[in-house]
Amino acid sequence: MMGEETQSLHLDEGLSVKEEELGQAEGKMNQVEDEQPEEVEEEDEEDEEALPHSEFLDIFEEGLARLVQDPLLCDLPIQVTLEEVNSQVALEYGQAMTVRVCKADGEVMPIVVVQNAMVLDLKKAIQRFMELKQQREGGVKHVSWRYVWRTFHLIFQGEKLDDDKMKLKDYGIRNRDEVTFMKRLRKK
């Protein structure tokens, strides 16, 4: 019995010594941590002031290029917008769908819309897709979308998507379905 008490006493003494050392070490670390943020903050402020806008943009674009290499975002262009990133993330979570819009020249535009999107949402997404494409590739500066929608129909399985307020699901459009962008016939 006595040996056990002596052992526990030595353990208790050892623990209290270790706790004391630990407390001293923590105190020193807190002092160092308190000193470091001030130095780091000052360096950050100096770095922010020292970087010209063009260099900052270069650094940002490099970081963005690395981000776009992620398997989740690899389908996005290098000059990606926040809207495109959000759309891609929504696709991965099943909150959005891709509608493939086929033009008469054979080009297929992958348009991302939310699951409960209406025809009007699809039209706006097509407009945004085309505007971004023109900005990236150059070309026509202005498109009269009013003229485009008067001149062309969106057609899914032979049915015109006439009602802008009708949901795509009501037409039977699901993820990865194809919608055709077709010129209207003239009335005689």
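Got a sec? Which of Leu132, Leu82, Leu161 is closer than 30 Å to Glu61 by Cβ and open to solvent by less than 40 Å² (accessible area, probe 1.4 Å)?
Leu132
How many residues are in a loop (DSSP other than H, G, I, E, B) and surrounded by 10 or more Cβ atoms within 10 Å (Cβ to Cβ) if we restrict to the range 144-158? Qualifying residue count, the range 144-158: 1. Each residue in the range 154-183 was checked for being more than 20 Å from Lys124 (Cβ to Cβ) and touching a helix residue (DSSP H, G or I) at 6+ places or on another chain (Cβ under 7 Å), and 2 of them qualify.
Please go through the range 85-102 and pick out each residue that is surrounded by 12 or more Cβ atoms within 10 Å (Cβ to Cβ) and either modelled with pLDDT of 95 or more or among the hydroxyl-bearing types (Ser, Thr, Tyr) (or both). Within the range 85-102, Ser87, Gln95, Ala96, Met97, Thr98, Val99, Arg100, Val101, Cys102 meet the criteria. Within the range 107-123, which residues are among the β-branched types (Val, Ile, Thr), over 18 Å from Gln95 (Cβ atoms) and surrounded by 16 or more Cβ atoms within 10 Å (Cβ to Cβ)? Scanning the range 107-123 gives a single hit, Val119.
Considering Ile126, Ile173, the condition of being open to solvent by less than 40 Å² (accessible area, probe 1.4 Å), under 22 Å from Gln79 (Cβ atoms) and among the hydrophobic types (A, V, I, L, M, F, W, C) is satisfied by Ile126 alone.
Within the range 136-143, not a single residue is assigned to a strand (DSSP E or B), exposed (fewer than 14 other Cβ atoms within 10 Å of the Cβ) and within 27 Å of the chain's Cα centre (by Cα).
Within the range 22-66, the residues that satisfy the criterion of being at pLDDT 75 or above and either open to solvent by 80 Å² or more (accessible area, probe 1.4 Å) or touching a His at 6+ places or on another chain (Cβ under 7 Å) (or both) are His53, Glu55, Phe56, Asp58, Ile59, Phe60, Glu61, Glu62, Arg66. For the range 165-184, the criterion of being of a type in the set (Phe, Trp, Tyr), closer than 23 Å to Glu83 by Cβ and not in a strand (DSSP E or B) is met by none of the residues.
Does Gly138 satisfy being under 19 Å from Pro77 (Cβ atoms) and not basic (Lys, Arg)? For Gly138, the condition - under 19 Å from Pro77 (Cβ atoms) and not basic (Lys, Arg) - is met.
The values are calculated or read from the model by the stated rules, or taken from the named source; none is laboratory data. Since the structure is predicted, the reported quantities are computational estimates derived from the model, not experimental observations. Every residue, glycine as well, gets a Cβ built from its backbone with ideal geometry; the counts of neighbours run over all protein chains shown. Protein only, heavy atoms only, side chains kept; ligands, DNA and RNA dropped before computing areas. Shrake-Rupley method; radii C 1.70, N 1.55, O 1.52, S 1.80 Å.
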